[in-house]
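Student: Got a structure for you, questions after.
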Amino acid sequence: MTPPSQSTARADAESGRLEFRRPISRRTTLQSLGVLFTGVGAGCIGGSGASSDRIRWRKSIRGQPLLDGGTLYAMGRLTLHALSPTDGSTQWVTEYSEDDFDQRLCLRSDIAVDGRRIYVPGCDGLRALRRSDGEEVWFVGSPIRRGVGVGDGRVYANAEDLLAIDASSGDVVWRADTGGDRLTTPAATADGVVFANRADGVVTAFDVEGERRWTHRTDTETRSPTIAGDTVYVATSTEPGKTGRLLALNRADGAVRWAVDTPSPKRGTRPVVDGDAVYLGCSGRDHGTLVALDRSDGTERWSFTDENSTVYEPAVTADMVYAGSNDNHVYAFSRTGELQWQIETNSVVGTVVAGEEFLYAANNERLFAIERS
């Protein structure tokens, strides 16, 4: 964190906001720098075989991608990149220095966005940046333990307390004692927020006023929740690396609608709900699994097993399901589970996101765009 001599702190007793006025970080706005490689067959990603024909561009950025509003964002080690989804050209970058922090690797890659802001969690607090140029708008100086959830004009963050922050001003609207330090990323909607204590498996819902709505105890290791319609989906790992359980809870009162056995869900991922199906990336000692379940009752529709230990959180479109794997591949399936294509990446692929034309994925070396069809 910036030393007191370089930063002035002001506590607003009425709003509860802790604001740090900080020096502006080094920032460079670039209209177009091009991409690291163009075409196909270059470098170590998909360097041979027909699968390499799908790669349209790649860049030396390590960080999970986020696509929203015609811009592709990726938070690298100390740099936030805003890229053109079409060709990977740089729209702008915001750079930070290690000297800004008292811990290394302080900024997290699981950023969030809404219509006006980008939210970057870190060990020193939460930053809100303008989407147009990456300029910092506000900063709340409470160390963030996981990613943040964005609801209707609010940002919810797990710090020492659960914070509800006004997205426009950065004022802390309310805070609630959560009594845990291994908390998952909150899932937010217009009328509240749901999160879980990962280790204890306690799932808790608050309304927009900060009042505890309900609590459900799973009594096992729990992943980040997903809210879809009037249901909260929560994946648990009853025996890490072996077995898990997926629960569908009533969003109004936390009552269990259904619960089904699954493989052990990958830590850091959450269920993906689209249409009438729920998809879950899972880990195992011998192989990873992607599971597709019926949203109404949890009945398994289909599953896929990789050649290593993990299939990560998938990206779902109207007709396809995409997922990265520890076996160094990206896979594409039809919505009914038929494998359509796969691509070798020579490194583990975690998060993938789908745009209109391309699938965007990051491995331990690069961010790259893959032709979907």
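Student: What is the pair-distance distribution P(r) of region 108-190, computed from all Cα-Cα distances in 10 Å bins starting at 0, with each bin given as a whole percent?
Tutor: Pairs per bin, as whole percents: 20, 59, 19, 1.
Student: Would you be so kind as to identify which of Leu107, Thr184, Ile118 lies farthest towards the positive end of the dipole of the chain, taking Lys and Arg as +1 and Asp and Glu as -1 on Cβ and the Cα centre as origin?
Tutor: After comparing all options, I get Leu107.
Student: State the answer as a single residue: which of Tyr331, Ala205, Asn308 lies farthest towards the positive end of the charge dipole of region 188-343, with beta carbon charges of +1 for Lys and Arg and -1 for Asp and Glu, about the Cα centre.
Tutor: Comparing the listed Cα positions along the dipole, Ala205 ranks first.
Student: Sticking with this structure for a sec: Dipole size in debye (nearest 20) for the chain around its Cα centre, Lys and Arg Cβ +1, Asp and Glu Cβ -1? Numbers along the way, then the final one.
Tutor: On the way: 42 positive and 52 negative charges, 123 e Å.
Roughly 600 debye for the chain.
Student: In debye to the nearest 20, how big a dipole does region 284-373 give about its Cα centre with +1 on each Lys and Arg Cβ and -1 on each Asp and Glu Cβ?
Tutor: Details: 6 positive and 15 negative charges, 27 e Å.
For this selection, approximately 120 debye.
Student: If I take R0 = 30 Å and measure r between the Cβ atoms of Asp161 and Ala318 in this structure, what FRET efficiency does the formula 1/(1 + (r/R0)^6) give, to the nearest 0.05?
Tutor: Details: r = 40 Å, r/R0 = 1.33.
For Asp161 and Ala318, the calculated efficiency is 0.15.
Student: Leaving out ligands, DNA and RNA, and with a 1.4 Å probe, what % of the accessible surface on region 199-285 is carbon or sulfur?
Tutor: 40 percent
Student: Also, I was wondering about something else. With a 1.4 Å probe and all protein chains left in place, how much accessible area per residue does region 197-346 have, in Å²?
Tutor: Working: 6020 Å² over 150 residues.
On a per-residue basis, 40 Å².
Student: Give, to the nearest whole percent, the P(r) tail of the chain beyond 30 angstrom, counting all Cα pairs.
Tutor: Percent of Cα pairs beyond 30 Å in the chain: 40.
Student: I've got another one for you. Say each of Ser97 and Asp297 gets a label point 7 Å from the Cα, pointing the same way as Cα to Cβ; how far apart are those two points in nm?
Tutor: Taking the two extended label points, one gets 6.3 nm.
The values are calculated or read from the model by the stated rules, or taken from the named source; none is laboratory data. Just so it is clear, the model here is predicted, and its values are computed rather than measured. Here the Cβ is made from the backbone with ideal geometry for all residues, glycine too, and neighbour counts use every protein chain on show. Side chains included, ligands, DNA and RNA excluded: accessible areas come from the protein's heavy atoms. Shrake-Rupley method; radii C 1.70, N 1.55, O 1.52, S 1.80 Å.
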